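Undergrad: I am attaching a structure below and will ask some questions about it afterwards.
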Amino acid sequence: MKKLLLLGDEALAQGAIDAGMSGVFAYPGTPSTEITEYIQVNEDAIKRDIHRTWASNEKTAVEAAVGMSYAGKRTMCCMKHVGLNVAADAFMNSAFVGANGGNLIAVADDPSMHSSQNEQDSRFYAKFAMIPCLEPSSQQEAYDMAFYGLDYSERVKLPIMVRLTTRLSHSRAGVIRKEMLAENEIKLPEDPDQFMLLPSYSRAKYKKLIKLQDELIKTSEESPFNSYEAGEDKSLGIIACGLAYNYVKEVFDGGKSPYPILKICQYPLPKNMIHKIMNECDRILVVEEGQPIVEEMLKGYMPNDKIRGRLDGSFSRDGEINPNKVMAALGMANTTGEAIPENVVGRPPALCVGCPHIDSFNVLNDVLEEHGKGHVFSDIGCYTLGYLPPYNAIDTVLDMGASITMAKGAADAGLFPAVAVIGDGTFGHSGLTGLADCIYDETNVVVVILDNATTGMTGGQNYCIEGRLEDICIGLGVEKEHIRVVTPLKKNHEENVKVFREEFDYEGVSVIIPRRECIQTLAQKHRTAKVTK
Amino acid sequence: MKKDIILAGVGGQGILTIATIIGTAAVEEGLNLKQAEVHGMSQRGGDVQSHLRLSDQPIFSDLVPEGKCDVILSIEPMESLRYLPYLAKDGILITNSTPFINITNYPEAEMLEKMLANVKNHIVINADEIAKGIGSARAMNIVMLGAAVKHLGLPMENFENAVKTVFGRKGEAVVESNIKALHAGRENAENNAK
Ligand SMILES: Cc1ncc(C[n+]2csc(CCOP(=O)(O)OP(=O)(O)O)c2C)c(N)n1
Ligand code: SF4
């Protein structure tokens, strides 16, 4: 069969489609977005009418996937690492109820924070929930793991995590497809108690999950994705997890390592393989992308000189692994070339020329002049760049949705004015409940919802409450006359300043909606219109 | 055969199109390929790069190790220099000379020229002007690809076919102007190297 050139994200997507998945449930977030975007335009997915629209947020996505699994069909949900924090309640409990139809939970981590507000390792969540985790080292493995994972999920009756990292998600390589499988028929769980978490039932389920762990370890030991490569020189053994395996192979000519290598792409850890390499080798170097979870498990709490990795400084404690870091950890000569010349300066990302957010920030800055700095609680999106010069318009960012609730907390502390600046997409993701809190408490806040009609930061996806912002605010209890829609354009500056000022003066909950479409999605629409003409 | 390439530029300049064309040309030759792209935040006018690895042997890492890159191909002069730690001793830097200035502390033209001249093997051409000269300013990135063809280890024919595949959807005229850009880039680079 002809090879397809696919991103790691796309390979997983194609695998899930071919393995008979009936629905993907996802919320966009770099580097996971391309999984769902691939399914949304894939011909087979369209022909089968696989569910493929975006969810409101990661929690609703995981819950919907559990529902599809309950109905007996194969499903996958996708998110970035921080998305799993949002979905954590549903995720942790999904391990208790387990799976009926196969359920893959794909989470893409972003070590080095190329496009994220923090660095965290989703393998901890898989361990926390006591479910298996697959971590592909190549695009082909990402494809194959969709088949393996969905099948395994149905056999062991548990959701399975697939953990990706940025470099695999966004790197392309040849992938060979398998025969496409039929979708499952609807089939309710055999055990009517399976999806019921009353405490008495949960206690039994937890015992069962604990008992299952030995079987999960045994499956890891037999997994096609874990392997032991013999090596002559037993002074060192290398444990290489997921993508880090490639970096280890890269530094040896033709991939031939003098040291034994244990490749781990399926968790829980394969115990007997770990024992073997620990017994055979004098020292162990653990190479893993993300946080030192494997290293910590092997090292234990007491001093232990045998295990090397991120904790003893063989690797940096944070950031991505790469071939040069592996060379350094192995004491090999550094291959690096000339240094970057001093006069090469940084080029940070910036708001697009003509972005509507710019006009909103200019208005906000004018109005805030009389109050000084420190009043603007913001959120995650393109507008986060408003922190940087020349705007310096916002003061905080925590997590999606936190602008409104942080402004509320500060207002409750007595801060005036307390302003929240949130994107329309982020408001749909997790802003509504915060606004409801403000209404309930009659908090004195100004909530600015930047309506650019899209989820700009992640590449312009639709979102669930598009076109209904005013109705939703009214429904939540905001007074009609304090919902103000303005058009963020330079020529409207004075008029907009006036509107903002009026709402700053109002004691209570105000919502201001600067509305103008993102120029990138607008340009995209023009391009597609031209092609279809 | 093994070529490790780094493509460089600023978000929105079209380096991913170059990557796709080289990728398509390599697949026609039956080579293995890995191509690491940058998506997300840095696409907003920040620096972007793509690591492209071609080989008739299995390729392990998605990233080119530092000091192993055969060709840096850049659409923007300052950006080409950002990846010098990756360039092998006998590797070559090929860049467009037209700066993209969206920051306030961009280096002076003279300084930039000096820094480029310091690189052992380099080709610097004004791709923007060449593209304008043949009447298709937008094909600037393909002019740059043309300038690198000789150093990519694949026949010109493969690149022409790849341009047809990648731009085919946009019609005959677009394909034609991009093939013209490919040749213009190659010729200019050859003259420049003399
Ligand atoms: C929990 C979580 N999920 C997803 C993301 C990825 N993400 C970053 S910003 C953003 C939404 C941006 O949309 P919007 O609020 O409309 O602002 P815009 O970028 O359009 O200005 C998303 C989904 C994230 N950072 N956190
Ligand atoms: S993508 Fe859209 S919202 Fe984001 S900076 Fe550009 S114009 Fe603004």
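The values are calculated or read from the model by the stated rules, or taken from the named source; none is laboratory data. Nothing here was measured: the structure is a model prediction, and the numbers come from that model. No Cβ is skipped: glycine too gets one built from the backbone with ideal geometry, and neighbour counts run over all protein chains shown. In case anyone asks, the SASA skips ligands and DNA or RNA and just uses the protein heavy atoms, side chains included. Shrake-Rupley method; radii C 1.70, N 1.55, O 1.52, S 1.80 Å.
Undergrad: So the label point goes 7 Å from the Cα of A:A204 along Cα→C-beta, right? Which residues of segment A:144-168 then have their backbone N under 18 Å from it?
TA: Within reach of a label on A:A204, which here means backbone N under 18 Å from a point 7 Å along Cα→Cβ, segment A:144-168 contributes A:157-158.
Undergrad: At q = 0.12, 0.17, 0.18 Å⁻¹, what is the base-10 log of I(q)/I(0) for segment A:356-521 according to the Debye formula with one equal point scatterer per Cα and no solvent? Please give it to two decimals.
TA: Result of the Debye calculation: -0.44, -0.95, -1.09.
Undergrad: Report the semi-axes of the equivalent ellipsoid for chain B in whole Å, largest first, where each axis is √(5λ) for an eigenvalue λ of the Cα gyration tensor.
TA: On the way: eigenvalues 102, 87, 54 Å².
The three semi-axes for chain B are 23, 21, 16 Å.
Undergrad: With each run of n ≥ 4 DSSP H residues scored as -39500 (n - 2.57), what mean residue ellipticity at 222 nm is computed for chain A after dividing by its residue count and rounding to the nearest 500 deg cm²/dmol? Before the final figure, lay out each step's value.
TA: Details: 21 runs with 214 residues, N = 533.
One gets -12000 deg cm²/dmol as the mean residue ellipticity at 222 nm.
Undergrad: Once the piece of chain linking A:H371 and A:R468 is laid out straight, how much longer is it, given 0.36 nm per residue of separation minus the C-alpha distance between them?
TA: Taking 0.36 nm per residue and subtracting the Cα distance, the gain is 31.7 nm.
Undergrad: Which order do A:D441, A:D18 take by accessible area at a 1.4 Å probe, largest first?
TA: Details: A:D441 80, A:D18 0 Å².
Reading off the accessible areas and sorting them downward yields A:D441, A:D18.
Undergrad: Let me ask another. What spacing in nm lies between the two simple spin-label points modelled at A:M302 and A:L181, each 7 Å away from Cα in the Cβ direction?
TA: My value for the distance between the label points is 4.6 nm.
Undergrad: Can you check what the net charge comes to around A:T219, using other residues whose Cβ is under 12 Å from the Cβ of A:T219 (Lys, Arg +1; Asp, Glu -1)?
TA: So the environment of A:T219 carries a net charge of -2.
Undergrad: Still on this structure, please answer the following. On average, how many beta carbons from a partner chain sit within 10 Å of the beta carbon of a residue in B:67-74?
TA: Values: counts 8, 6, 1, 0, 0, 0, 0, 0.
For peptide B:67-74, the averaged partner shielding equals 2.
Undergrad: Around B:N102, what is the net charge, scoring Lys/Arg as +1 and Asp/Glu as -1 over all other residues with Cβ under 14 Å from its Cβ? Intermediate values should be presented prior to the final figure.
TA: Numbers: positive: A:R347, B:R44; negative: B:D47, B:E76, B:E79.
Counting the neighbours of B:N102, the net charge comes to -1.
Undergrad: Right, something else. Please list A:E494, A:E342, B:E176, A:E320 in order of solvent-accessible area, largest first, computed with a 1.4 Å probe with all protein chains present.
TA: Details: A:E494 135, A:E342 175, B:E176 100, A:E320 15 Å².
My answer, sorted largest first, is A:E342, A:E494, B:E176, A:E320.
Undergrad: In the full protein assembly as shown, how much of A:M400 is accessible to a 1.4 Å probe, in Å² to the nearest 10?
TA: 50
Undergrad: Please name whichever of A:G508, A:Y70, A:A453 sits farthest to the positive end of the charge dipole of the protein assembly as shown, dipole taken about the Cα centre and charges placed at Cβ: Lys and Arg +1, Asp and Glu -1.
TA: In the protein assembly as shown, that residue is A:Y70.
Undergrad: If you add up the charges near A:A244, with Lys and Arg at +1 and Asp and Glu at -1, over every other residue whose beta carbon is less than 9 angstrom from its beta carbon, what do you get? Don't jump to the answer; show the numbers that get you there.
TA: On the way: positive: none; negative: A:E288, A:E289.
Within the 9 Å Cβ shell, the charges total -2.
Undergrad: Mind listing the long-range amide H neighbours of A:R308? Cut-off is under 5 Å, sequence gap 5 or more, other chains count too, H placed in the peptide plane at 1.01 Å from N.
TA: Residues meeting the criterion, in which the H sits 1.01 Å from N, are A:I284, A:L285, A:V286.
Undergrad: Name the lysines eligible as straight-distance cross-link partners of A:K490: C-alpha to C-alpha under 28 Å, and not fewer than 8 places from it in the same chain.
TA: Within reach: A:K373, A:K480, A:K498, A:K525.
Undergrad: So, one more: Taking N as the number of residues in chain A, what is its Cα Rg relative to 2.2 N^0.38 Å?
TA: Details: Rg = 25.4 Å, N = 533, 2.2 N^0.38 = 23.9 Å.
Dividing the Cα Rg of chain A by 2.2 N^0.38 Å gives 1.06.
Undergrad: Before anything else, pin down the relative contact order of chain A: Cα pairs under 8 Å, at least 6 apart, normalised by residue count, whole percent.
TA: Details: 1076 pairs, mean separation 60.6, N = 533.
In percent, rounded to a whole number, it is 11.
Undergrad: Which sequence of A:H429, B:H151, A:H526 reflects their accessible areas, 1.4 Å probe, from the largest down?
TA: Numbers: A:H429 5, B:H151 50, A:H526 125 Å².
Highest to lowest solvent-accessible surface, that is A:H526, B:H151, A:H429.
Undergrad: About the Cα centre of the protein assembly as shown, how large is the charge dipole given +1 on each Lys and Arg Cβ and -1 on each Asp and Glu Cβ? Please answer in debye to the nearest 20. Provide the component values of the computation, followed by the final result.
TA: Numbers: 73 positive and 95 negative charges, 325 e Å.
Dipole about the Cα centre, nearest 20: 1560 debye.
Undergrad: In percent, how large is the relative contact order of segment A:356-521, given Cα pairs closer than 8 Å and 6 or more residues apart? Spell out each step's value before the answer.
TA: On the way: 327 pairs, mean separation 42.1, N = 166.
Relative contact order for segment A:356-521 comes out at 25 percent.
Undergrad: Over the Cα atoms of segment A:41-163, Rg to Rh with Kirkwood Rh, two decimal places? Each step should come with its number before you reach the end.
TA: Working: Rg = 13.9 Å, Rh = 14.6 Å.
With Rg and the Kirkwood Rh in hand, the quotient comes to 0.95.
Undergrad: Now a separate question. Per-residue Cβ counts within 10 Å, from other chains only, averaged over A:346-356: what number is that? Please report the intermediate quantities before stating the final value.
TA: Details: counts 5, 17, 8, 10, 6, 2, 4, 2, 0, 1, 0.
Per-residue shielding by partner chains comes out at 5.
Undergrad: Further question: To the nearest 10 square angstrom, what accessible area does A:S360 show with a 1.4 Å probe?
TA: 10
Undergrad: For A:K208, what accessible surface area do you get with a 1.4 Å probe? Give it in Å², rounded to 10.
TA: 150
Undergrad: OK, next. How would you rank B:117-124, A:7-14, highest first, on the average number of other Cβ atoms within 10 Å across their residues?
TA: On the way: B:117-124: 15.8, A:7-14: 29.2.
Ranking the peptides B:117-124, A:7-14 by packing returns A:7-14, B:117-124.
Undergrad: Another question, if that's okay. With the contact rule set at Cα under 8 Å and sequence spacing of 6 or more, what percent relative contact order holds for chain B? Walk me through the intermediate numbers first.
TA: Values: 371 pairs, mean separation 41.6, N = 194.
Relative contact order comes out at 21 percent.
Undergrad: Magnitude of the Cβ-charge dipole of segment A:126-170, K/R +1 and D/E -1, about the Cα centre, nearest 20 debye? Before the final figure, lay out the partial values.
TA: Numbers: 5 positive and 5 negative charges, 42 e Å.
The dipole of segment A:126-170 has a size of about 200 debye.
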